[in-house]
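Here is the structure we will look at, set down as structure tokens.
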Amino acid sequence: MVGVPRSSGCQLCRRRKVRCDEVRPSCGNCIKYGAECPGYERGLKFVAGKHQIRQRGGGRRSDNGQRASNSSPDDSQPFAATLTYRSNPIVVTSAPRLRPTLIPPVDRPLQPLRGHVLYNMIQNFCPSAPPDILGLFQWVGFDHLGKRALLDGAICSLALHLAGKEKSNAELVAHSRTVYGKSLTELQAALRHSSIWRSSETLFAAILLCFFELFAGTSSPDTWLQHAKGIGTLMEQRGPAAHAEGWDAAMLLSFRGILIMSDMFYPREENCFLSRPAWKPLMADRGRCLVHAADTPVAEIAVVDGFFQQLVDVPAVLKWGYRVREANKAGIPVEPARLAVLAHLAAASHASFSRWYDDEFTSLPYVHSAEAAPANPAVSPYATVLEHEHPWAGAVHLAYWASMLILQETLAQCGSPVPGSDAARQVLVSNILRSVESIGRGVMGPYRVGYSLRIAYEFASAKEQLWIGSLLDRFSKSYAAVDKTMYPAPRGD
């Protein structure tokens with residue numbers, strides 16, 4: 001026989017036999033633990049008997065017993081992507097429900113309290129980090145915490161790792177990996193879910209776990225590249241409109257550099273999606289201070305926006321320029337028409353980047369460097385180094401020099417070298433390497449110099465390459481993404 005449930009709570013809380021706060025459309029328990037609230041319909045329940053009762057609502061069943069969805073394709077289809085854990089690709093294609101999580105029987109949601117606790121924990125774990133590490137996430141308020149177990153776990157894994165490294169506490173570092181592994185599993189479940197894959201919390205958790213891989217590493221030093229590719233695909237699936245304003249826009253702005261880097265070093269056949277007309281305007285903060293301090297001058301924000309507007313065109317040049325370079329080394333002829341197209345693209349990017357540097361970047365008061373003696377003259381291969389007043393402005397400076405190396409080399413390989421490019425190449429390499437001592441300081445130092453150091457290595461002398469290798473040995477202890485196994489062997493000349 002069948003009957004009607006006596007409880008008025010949501011279906012999931014009734015099934016778990018916990019008290020439901022009956023908030024609509026989703027109860028507090030379901031929101032708190034990342035489950036999709038099934039609603040409050042008091043359908044029939046099976047009590048005893050032999051008859052099979054067909055479930056009510058949610059669409060009809062097809063002949064093979066699967067429920068047919070009445071939702072729109074955009075909302076009902078799970079996100080299909082590939083993330084990597086322990087070097088094994090996990091392909092997300094199906095859409096099972098999230099596994100239930102035990103929920104304490106409470107009278108009211110505890111999300112705000114949990115958010116405060118997590119926020120205080122992160123600050124207490126990383127007392128010296130806020131000026132540097134937390135600067136990346138200064139736009140994230142505690143109101144984002146305590147609402148989803150997935151997001152809380154992702155934040156905790158990164159905080160525990162940074163705290164463990166800062167305090168040389170192996171136990172904290174080990175615990176951070178445990179939390180990371182569990183959070184990655186929860187992220188996979190969220191990406192399979194028919195609606196949760198689109199949520200802002202899921203995207204932010206994916207970004208945090210990618211940052212964990214950048215700093216902590218996994219069994220493979222390039223895991224972060226594959227993870228960043230998956231995040232880019234997730235953003236594409238969500239669409240440009242989902243990242244136009246607010247928190248979602250801030251996530252795109254804060255992660256744009258890594259998305260571009262992943263496209264440089266892990267290219268796909270199609271160009272970086274951020275370079276497309278529908279996406280490129282979204283890469284600009286436009287003075288909204290979404291990822292900048294509230295008192296940052298609009299003119300300075302415009303300069304930063306301009307840098308990324310230029311940088312996003314470089315991956316396409318690097319991808320084809322590298323192929324032409326390798327073909328030239330092997331003596332394989334390249335189709336002249338392809339060379340002409342690539343040369344035009346590289347020349348346009350070179351000219352545009354140069355204008356940005358001369359007209360905008362150098363107008364800022366704190367971007368210029370000064371000659372200084374190296375901290376350890378016995379180790380440094382240079383008699384003087386470049387001291388940069390502002391570390392993040394210095395990082396942009398280095399990235400500009402590295403990008404110009406790529407563009408000039410591409411033009412040379414296409415048979416259209418920039419006048420004086422041979423001498424300019426040595427100056428650019430020297431400027432980058434002499435700046436590493438200044439820009440590479442602190443917890444975020446390796447993050448700031450990673451891109452430019454990798455490009456400079458390609459053009460450095462054998463002696464300079466060996467010196468870079470010693471830097472990577474030191475940097476990779478706190479920033480796994482610069483593991484030198486990802487670099488070519490030093491030259492023998």
Report task. Just need a number here: residues in the range 192-201 that are outside any helix (DSSP H, G or I) and either open to solvent by 10 Å² or more (accessible area, probe 1.4 Å) or among the basic types (Lys, Arg) (or both). Result -> 3
Query - Members of the range 471-493 found to be assigned to a helix (DSSP H, G or I) and touching a residue at least 12 places away in the same chain (Cβ under 8 Å), listed by number - result: LEU471, LEU472, PHE475, ALA480, ALA481, VAL482, LYS484, THR485, MET486
Query raised in the report: Do you know which residues across the range 449-458 are open to solvent by less than 30 Å² (accessible area, probe 1.4 Å) and either out of contact with any Phe, Trp or Tyr (no Cβ under 7 Å at 6 or more places or on another chain) or under 18 Å from ILE260 (Cβ atoms) (or both)?
Result: VAL449, GLY450, TYR451, SER452, LEU453, ILE455, ALA456
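For the range 290-301, indicate whether the set of residues that are open to solvent by less than 10 Å² (accessible area, probe 1.4 Å) and over 18 Å from THR202 (Cβ atoms) is non-empty.
Yes, the conditions are met somewhere in the range 290-301.
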Query raised in the report: Which of the residues spanning the range 311-324 are in a helix (DSSP H, G or I) and open to solvent by less than 40 Å² (accessible area, probe 1.4 Å)?
Result: LEU311, VAL314, PRO315, ALA316, VAL317, LEU318, LYS319, GLY321, VAL324
Report task. Filter the range 329-340 down to the residues that are farther than 30 Å from ASN431 by Cα and touching a helix residue (DSSP H, G or I) at 6+ places or on another chain (Cβ under 9 Å), then identify the one that is surrounded by the fewest Cβ atoms within 10 Å (Cβ to Cβ). Result -> PRO333
Query raised in the report: If you go through the range 170-181 one residue at a time, how many are farther than 13 Å from GLY217 by Cα and surrounded by 15 or more Cβ atoms within 10 Å (Cβ to Cβ)?
Result: 3
Requested in this report: Give the residues of the range 300-322 that are more than 14 Å from PHE353 (Cα to Cα) and out of contact with any Gly (no Cβ under 9 Å at 6 or more places or on another chain), sorted by residue number.
Outcome: GLU300, ALA316, LEU318, LYS319, TRP320, GLY321, TYR322
Report summary line: Going through (1) assigned to a helix (DSSP H, G or I); (2) closer than 30 Å to ALA159 by Cβ; (3) open to solvent by 30 Å² or more (accessible area, probe 1.4 Å) one by one, GLY442 fails only at (1)
Query - Residues that are under 32 Å from the mean Cα position of the chain (by Cα) and without any contact (Cβ under 8 Å) to a residue 60 or more places away in the chain, drawn from the range 393-419 - result: ALA393, GLY394, ALA395, HIS397, LEU398, TRP401, ALA402, MET404, LEU405, GLN408
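For (1) open to solvent by less than 10 Å² (accessible area, probe 1.4 Å); (2) touching a Gly at 6+ places or on another chain (Cβ under 9 Å); (3) among the acidic types (Asp, Glu); (4) assigned to a helix (DSSP H, G or I), each residue gets a yes or a no:
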site: LEU203; (1), (2), (3), (4): yes, no, no, yes
site: LEU214; (1), (2), (3), (4): yes, yes, no, yes
site: TRP224; (1), (2), (3), (4): no, yes, no, yes
site: LEU234; (1), (2), (3), (4): yes, no, no, yes
site: ASP248; (1), (2), (3), (4): no, no, yes, yes
site: ARG256; (1), (2), (3), (4): yes, no, no, yes
site: GLU270; (1), (2), (3), (4): no, no, yes, no
Query - Residue among ALA412, ALA423, ALA402 that alone is under 30 Å from PRO333 (Cα atoms), in a helix (DSSP H, G or I), among the hydrophobic types (A, V, I, L, M, F, W, C) and modelled with pLDDT under 95 - result: ALA423
Query raised in the report: Taking ASP263, is it among the charged types (D, E, K, R) and surrounded by 15 or more Cβ atoms within 10 Å (Cβ to Cβ)?
Result: yes
Query - Enumeration of residues in the range 344-398 that are in a helix (DSSP H, G or I), open to solvent by 60 Å² or more (accessible area, probe 1.4 Å) and within 14 Å of VAL304 (Cβ to Cβ) - result: SER363, TRP392
Report summary line: The correct count of residues that are of a type outside the set (D, E, K, R) and part of a loop (DSSP other than H, G, I, E, B) in the range 281-302 is 10
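The values are calculated or read from the model by the stated rules, or taken from the named source; none is laboratory data. All values derive from a computational prediction rather than experimental measurement. We place every Cβ from the backbone using ideal geometry, glycine too, and count neighbours over all the protein chains shown. Areas reflect the complete protein model, heavy atoms only, side chains present, ligands, DNA and RNA absent. Shrake-Rupley method; radii C 1.70, N 1.55, O 1.52, S 1.80 Å.
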